[in-house]
Amino acid sequence: MPDGVRKTFKYRLEPASAQERTLEVVLWRCRTLYNVALEQRRRWWARGQGVGATYYQQKRELPDLKAACPEYASIHAHLLQDVILRVERTYQAFFRRVKNGETPKPVGYPRFQGQDRYHSFTFPEYGNGVVLDGAILSLSKIGRIPVRLHRPLEGTPKTVTLSQEADGWYVCFSCADVPTQPLSLTGWETGIDVGLRVFLITAEGKVVENPRYYRTAERELKKAQQRVSKGKKGSTRRRKAVKLLAKKHQHVRRQRTDFHQKTALALVRQYDVLYVEAMQPANLSRRPAPVPDGSGGYLPNGASAKVGLNKSIQDAGWGRFLTILACKAEWAGKRVEAVSPAFTTQDCSGCGERIQKSLSVRTHVCTNCGLVLDRDENAARNIQWAGQALRGVPTLVGAMNREAPSL
Ligand SMILES: [Zn+2]
């Protein structure tokens, strides 16, 4: 059996109301510390002080903080250290963006975290301040909280994160050495591409449709968002609207994760190797930029705005899906390989000729070899050829019209 993989197990917590208040206080103090540490960093940075040493310096100052603010003494030291580590990670990401010359988006300088943006705290070392005792999570300085263990924990727990969501508290165990469950090999490989009107399409033209709830969910989210915007700041009505919006978001997230997991499992069952386009920041937020319409002019942005909007929403989900797919594949003893996304849409998968097409052109029509194919299916095939070429597999263009396995 291959070595185990890293996996996260999430369970619902059932704290008593007093425990829930304690959790909220801990979260609130962690958030405060985060903002204080960030502010200190900002001052150091403004003074041009070094970057490397600051993390350790802040960590060293924690005992002083406890002496100065006794309320922090009641919080496990590891939780506070993790907060400092979060600040450090945020900073490293910030400096990486600066170094790469990217315009830091959506915000440049690391931002202060308000109540709506800081939801969790982490015990970085299982067994130190936190342990799962049967179905009870035993937390140092917090208490013993019942856990709804809907499935057993596997592997070796490493870190434990408690998070507050719209409907209550959850615990996530990040576990190492989780045993894999290799699935039998099928001899099939394919390329997959994100579709414009469907969720994905394989190189054999097999389609996974977008789940129907996407549209309903979009509408409901929009309504809930409007209710928030209409409410006066600080009003009870607005607070309620914010709560409702958070619930809707959580619901959508769950449905999407469920759909992603089922789709990923179906794919790794069916295929041994899956080729996908490498994700790049630019791909993550593809917008319908004005595109040549093929006859010298440009399509107005609005012509494909609706498609573009749906697409950008979908792209955001696509990144998450690929992460899930990679995890599932690893767990199943299969593989996901990324290829360069250059020209996968434009090139003919039959002969390699580059056929320019705008976003609104749904069909690939090759003027060189006569191949006529759905645009996304053509892309999926190119992705497969590109991936196989990287691995030195002889080109399979001749096998274009082979039968596909059913998903
Ligand atoms: Zn061609």
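The values are calculated or read from the model by the stated rules, or taken from the named source; none is laboratory data. Quick caveat: nothing in here was measured; it's all calculated off a predicted structure. Cβ sites come from the backbone with ideal geometry, for glycine too, and all protein chains shown count toward neighbours. Ligands, DNA and RNA are excluded from the accessible area calculation, which covers all protein heavy atoms including side chains. Shrake-Rupley method; radii C 1.70, N 1.55, O 1.52, S 1.80 Å.
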Checklist outcome for this item: For region 207-223, pairs from a residue that is touching a residue at least 60 places away in the same chain (Cβ under 8 Å) to a residue that is open to solvent by 50 Å² or more (accessible area, probe 1.4 Å) and charged (D, E, K, R), with Cβ under 8 Å and 6 or more apart or across chains, are 210/197
Checklist entry - Does residue 327 satisfy the criteria of being away from the ligand (no atom under 16 Å from the Cβ), hydrophobic (A, V, I, L, M, F, W, C) and open to solvent by 60 Å² or more (accessible area, probe 1.4 Å)? => result yes
Checklist entry - When you scan region 151-204, how many residues do you find that are of a type in the set (Ser, Thr, Tyr) and in contact with a helix residue (DSSP H, G or I) (Cβ under 7 Å, 6 or more places away or on another chain)? => result 4
Item to check | Complete set of residues in region 349-366 that are on the phi < 0 side of the Ramachandran plot and near the ligand (Cβ under 8 Å from one of its atoms) | outcome: 349, 350, 351, 353, 355, 366
Next on the checklist: Going residue by residue through region 1-10, is there one that turns out to be crowded, with 17+ Cβ neighbours inside 10 Å, in contact with a helix residue (DSSP H, G or I) (Cβ under 9 Å, 6 or more places away or on another chain), part of a helix (DSSP H, G or I) and touching a residue at least 24 places away in the same chain (Cβ under 8 Å)?
Outcome noted: no
Item to check | Subset of region 222-256 (residues that are in contact with a Lys or Arg (Cβ under 8 Å, 6 or more places away or on another chain) and open to solvent by less than 80 Å² (accessible area, probe 1.4 Å)) | outcome: 224, 228, 231, 238, 241, 244, 245, 256
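Per-residue answers, yes or no, for (1) at pLDDT 90 or above; (2) more than 19 Å from residue 199 (Cα to Cα):
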residue: 213; (1), (2): no, no
residue: 217; (1), (2): no, no
residue: 231; (1), (2): no, yes
residue: 253; (1), (2): no, no
residue: 258; (1), (2): yes, no
residue: 261; (1), (2): yes, no
Checklist outcome for this item: region 44-116: helices (runs of 4 or more DSSP H) wholly inside it with 2 or more residues that are aliphatic (A, V, I, L, M), at pLDDT 80 or above and open to solvent by 70 Å² or more (accessible area, probe 1.4 Å) are 62-68
Checklist entry - What number of residues within region 368-394 are of a type in the set (A, V, I, L, M, F, W, C), open to solvent by 40 Å² or more (accessible area, probe 1.4 Å) and near the ligand (Cβ under 10 Å from one of its atoms)? => result 2
Next on the checklist: Name the single residue that is nearest to residue 386 (Cα to Cα) among those in region 203-219 being of a type outside the set (A, V, I, L, M, F, W, C) and assigned to a loop (DSSP other than H, G, I, E, B).
Outcome noted: 204
Item to check | Subset tally (residues that are more than 19 Å from residue 195 (Cβ to Cβ) and of a type in the set (Phe, Trp, Tyr)) for region 320-372 | outcome: 1
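Filter region 121-134 down to the residues that are without any contact (Cβ under 8 Å) to a residue 60 or more places away in the chain and either open to solvent by less than 50 Å² (accessible area, probe 1.4 Å) or basic (Lys, Arg) (or both), then identify the one that is farthest from residue 26 (Cα to Cα).
Looking at the filtered set, the residue picked out is 132.
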Checklist entry - Which condition number in (1) more than 30 Å from residue 174 (Cα to Cα); (2) at pLDDT 90 or above; (3) more than 16 Å from the ligand (Cβ to nearest atom) is the one that residue 346 fails? => result (3)
Item to check | Residue satisfying all of: in region 343-367; closer than 15 Å to residue 381 by Cβ and among the small types (Gly, Ala, Ser); least open to solvent (accessible area, probe 1.4 Å) among these | outcome: 349
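Taking the options 87, 147, name whichever one is within 25 Å of residue 250 (Cα to Cα) and either in contact with a helix residue (DSSP H, G or I) (Cβ under 6 Å, 6 or more places away or on another chain) or β-branched (Val, Ile, Thr) (or both). Walk me through it before giving the result.
Working: 87 fails: within 25 Å of residue 250 (Cα to Cα).
Exactly one of 87, 147 is within 25 Å of residue 250 (Cα to Cα) and either in contact with a helix residue (DSSP H, G or I) (Cβ under 6 Å, 6 or more places away or on another chain) or β-branched (Val, Ile, Thr) (or both), namely 147.
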